[in-house]
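Read through the structure below, which is laid out as structure tokens, and then see the notes.
The values are calculated or read from the model by the stated rules, or taken from the named source; none is laboratory data. What you see is a predicted model, and the numbers here were worked out from it, not measured in a lab. Glycine also receives a Cβ, built like all others from the backbone with ideal geometry; neighbour counts cover every protein chain displayed. For accessibility, only protein heavy atoms count, side chains too; no ligands or nucleic acids. Shrake-Rupley method; radii C 1.70, N 1.55, O 1.52, S 1.80 Å.
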Amino acid sequence: MKQSRICVVGSANIDLTFRTPRLPQPGETLAGHALHQGMGGKGANQAVAAARLGASVAFIARVGNDAFGKSAIEAYQAENIQTSCIRQSVDQPTGTAAIMVDDNAENCIIVVAGANAELNAEDVKGASSLMTNSQVVLCQLETPVDAAVEAFRIARAANVLTVLTPAPAERVTAELLSLCDVCVPNKTEITAMTGQTIETEADALRAAERLRDRGVKRVALTMGGDGVFVVDETGSTHIPAVRVKAVDTTGAGDAFTAALAVSLAEGMSFVESARRASAVAAISVTRIGTQTAFPTMSEVNQLSRLEENVCEA
């Protein structure tokens, strides 16, 4: 199988993860279990997850001209990610996220954008060859939407598949959706974009079709423990979640999206791509941390073989 080529345009953060028995109330101070420093940001998460799965990955981003920025670039290079189009901002620090994770694996996150806020359309234009030589361009919205729109314009003109994580959902524009081949929202994000709350499969279908009416070709609605609901021109399919004991759900959505993109680039169908992506996300939530939790393709294949054996038994 040929190596898939993925280009990611998006955010790069340093993650500070605090383990705590439960999430604090306003004004409350809790004693935590542990502190973990790692790499994060939705863009970087997706780039690392795709690289772990064997893809050739290029990353277009901004970090600060600081120790965190240097560490981030070195970490991406260690994952064999092409970093030639990561710029270092002079006046802004590397983006930072404070993540609290409780004993039930629920989390809440505060993000300071820093250098991420300076990624712009000109940065993207300067890296256009990375996108036109890829099979999939992945974007999220922790960086300015103009950068994502420009990336999707370039990709669409070159017949390259575009995949969007619409987070934060309030930054989504009509043009961005019109340029989007695959949209991967969670329930909160799709409700924000369509006004449709998700309680049933019928609700999920209505919300997905509203996105398709706005130009999106395919929708993969992630629903945590309820699995994923995929919709395209052929119909809809509900894929149950892979049952595992979750210890940290941070980054699971990014793991899913990256795996979906890699699988589509390899020529798998939309439904089968989503099944594999669900397995990748399931493995990631069984481990502490974000990028450190992302599996390799051999681990994903091992899980698939175990599930097949269970079904045969």
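Where in the range 93-202 are there helices (runs of 4 or more DSSP H), lying fully within it, with 1 or more residues that are of a type in the set (D, E, K, R) and either closer than 30 Å to Arg22 by Cα or open to solvent by less than 60 Å² (accessible area, probe 1.4 Å) (or both)?
Working: elements: 121-125, 128-132, 145-157, 174-178, 187-194.
Hits in the range 93-202: 121-125, 145-157, 187-194.
If we keep just the residues of the range 7-29 that are of a type outside the set (Ser, Thr, Tyr) and buried (at least 24 other Cβ atoms within 10 Å of the Cβ), which is farthest from Gln82 (Cα to Cα)?
In the first step, residues of the range 7-29 are kept if they are of a type outside the set (Ser, Thr, Tyr); the result is 7-10, 12-16, 18-19, 21-28.
Now drop any that are not buried (at least 24 other Cβ atoms within 10 Å of the Cβ), which leaves 7-10, 12-15.
On the way: Cys7: 9, Val8: 10, Val9: 12, Gly10: 14, Ala12: 14, Asn13: 17, Ile14: 19, Asp15: 21 Å.
Among residues in the range 7-29 that are of a type outside the set (Ser, Thr, Tyr) and buried (at least 24 other Cβ atoms within 10 Å of the Cβ), the one farthest from Gln82 (Cα to Cα) is Asp15.
Report yes if Ser89 is open to solvent by 60 Å² or more (accessible area, probe 1.4 Å) and modelled with pLDDT of 95 or more, otherwise no.
Numbers: open to solvent by 60 Å² or more (accessible area, probe 1.4 Å): no; modelled with pLDDT of 95 or more: yes.
Against the criterion (open to solvent by 60 Å² or more (accessible area, probe 1.4 Å) and modelled with pLDDT of 95 or more), Ser89 does not qualify.
The range 238-313 holds helices (runs of 4 or more DSSP H) entirely within its bounds, and those carrying 1 or more residues that are at pLDDT 95 or above, among the acidic types (Asp, Glu) and open to solvent by less than 10 Å² (accessible area, probe 1.4 Å) map to 252-265.
The rows are residues; the columns are (1) touching a helix residue (DSSP H, G or I) at 6+ places or on another chain (Cβ under 9 Å); (2) closer than 19 Å to Glu118 by Cα; (3) modelled with pLDDT of 95 or more.
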residue: Phe18; (1), (2), (3): no, no, no
residue: Leu23; (1), (2), (3): no, no, no
residue: Leu30; (1), (2), (3): no, no, no
residue: His33; (1), (2), (3): no, no, no
residue: His36; (1), (2), (3): yes, no, no
residue: Gly41; (1), (2), (3): yes, yes, no
residue: Gln46; (1), (2), (3): yes, no, yes
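Scanning the range 203-235 for residues that are in contact (Cβ under 8 Å) with a residue 24 or more places away in the chain, in contact with a helix residue (DSSP H, G or I) (Cβ under 7 Å, 6 or more places away or on another chain) and open to solvent by 60 Å² or more (accessible area, probe 1.4 Å) turns up just one, Arg214. The number of residues in the range 16-62 that are outside any strand (DSSP E or B) and of a type outside the set (D, E, K, R) comes to 25.
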